[in-house]
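The values are calculated or read from the model by the stated rules, or taken from the named source; none is laboratory data. Predicted, not measured: the structure shown is a model, and the values here were computed from it. Cβ placement follows ideal geometry from the backbone for every residue including glycine, while neighbour counts extend to all protein chains displayed.
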């Protein structure tokens, strides 16, 4: 089989795993109240390793992906009509490699590049009023109801001649609603969200191995569409007197069937994963966060393990 038809196919692994990782993101304390006017700068590193379940129509076996990623992020707490809120921006950079056996031939591919930027605004509707630092000292959480909208912009590395890309080359919109209840020192937090995707009209489809050459060559670009992915998260967060807090995290997500040129790939996802997070204050202005997660069940898409660490610096807001 021509080499051109084999190499980009291996590249599809990364885009599948990256989409799964985004849908399965575990984020405790997303709806915690924060004094207005505080700024946060975050530098982080993450490592993801996993396998990809391909559809039965694809002659692909032993598919694995490894991703090393760095992030730079900024967040600011705001007063949104008397309620606390937050705006944040995240910019990732990734080094990725993929390998698989395609028609019993081992193939590998490596690449690096800028990832897609993420921008989010979140607002607490109930139970978390906007407070300055002085008034925040006497605040005690009970129920909090909030919501957010995250937008992912396709500004990252993308080559339409290859399927191994850091960017998904499409916009993603993620509305979410969440609730948090304090049972001091324990907090239970839950949220539901949907991921909605625009189409990628510059997608290079895999060759059809049932067709003779030259029909199976990559001769034109294709359109990749994906149905929405619904997700739910549950977190049990415990705050220690020392200022350290830790959480046990769970997420479930389903949906996301892909369509190539309008034809379904029958790869509906129905997956769960669990994880843990611990945050350790260094001093008044700095803290460290460590996290990890692993897949429990995966009907389709990526089965992966993830670990990471982040350094956070905060300032402003009367701190």
(message) Here is a list: 57, 20, 51. Which entry is closer than 25 Å to residue 225 by Cα, at pLDDT below 80, outside any strand (DSSP E or B) and within 17 Å of the chain's Cα centre (by Cα)?
(response) 20
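Can you confirm whether the stretch 141-149 contains a residue that is exposed (fewer than 13 other Cβ atoms within 10 Å of the Cβ), modelled with pLDDT of 95 or more and in a loop (DSSP other than H, G, I, E, B)?
Let us first name the residues in the stretch 141-149 that are exposed (fewer than 13 other Cβ atoms within 10 Å of the Cβ), namely 142-143.
Then drop every residue that is not modelled with pLDDT of 95 or more, which leaves 142-143.
If we keep only those that are in a loop (DSSP other than H, G, I, E, B) as well, we get 142.
Scanning the stretch 141-149 turns up at least one residue that is exposed (fewer than 13 other Cβ atoms within 10 Å of the Cβ), modelled with pLDDT of 95 or more and in a loop (DSSP other than H, G, I, E, B).
With the condition being modelled with pLDDT under 50 and surrounded by fewer than 21 Cβ atoms within 10 Å (Cβ to Cβ), I'd like the strands (runs of 3 or more DSSP E) fully within the stretch 202-257 carrying at least 2 qualifying residues.
Answer list for the stretch 202-257: none.
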(request) Considering only the stretch 171-197, state which residues are part of a loop (DSSP other than H, G, I, E, B) and in contact (Cβ under 8 Å) with a residue 40 or more places away in the chain. (result) 184, 185
(request) Would you check if residue 169 is on the phi > 0 side of the Ramachandran plot and modelled with pLDDT under 95? (result) yes
(request) Mind listing whichever residues of the stretch 261-273 are part of a strand (DSSP E or B) and surrounded by 15 or more Cβ atoms within 10 Å (Cβ to Cβ)? (result) 269, 271, 272, 273
(request) Could you please find all residues in the stretch 114-139 being over 24 Å from residue 181 (Cβ atoms) and either touching a strand residue (DSSP E or B) at 6+ places or on another chain (Cβ under 7 Å) or part of a loop (DSSP other than H, G, I, E, B) (or both)? (result) 114, 115, 116, 117, 118, 119, 132
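Of the residues 43, 36, only one is surrounded by fewer than 19 Cβ atoms within 10 Å (Cβ to Cβ) and modelled with pLDDT of 90 or more; which?
Values: 36 fails: surrounded by fewer than 19 Cβ atoms within 10 Å (Cβ to Cβ).
After applying the criteria, what remains is 43.
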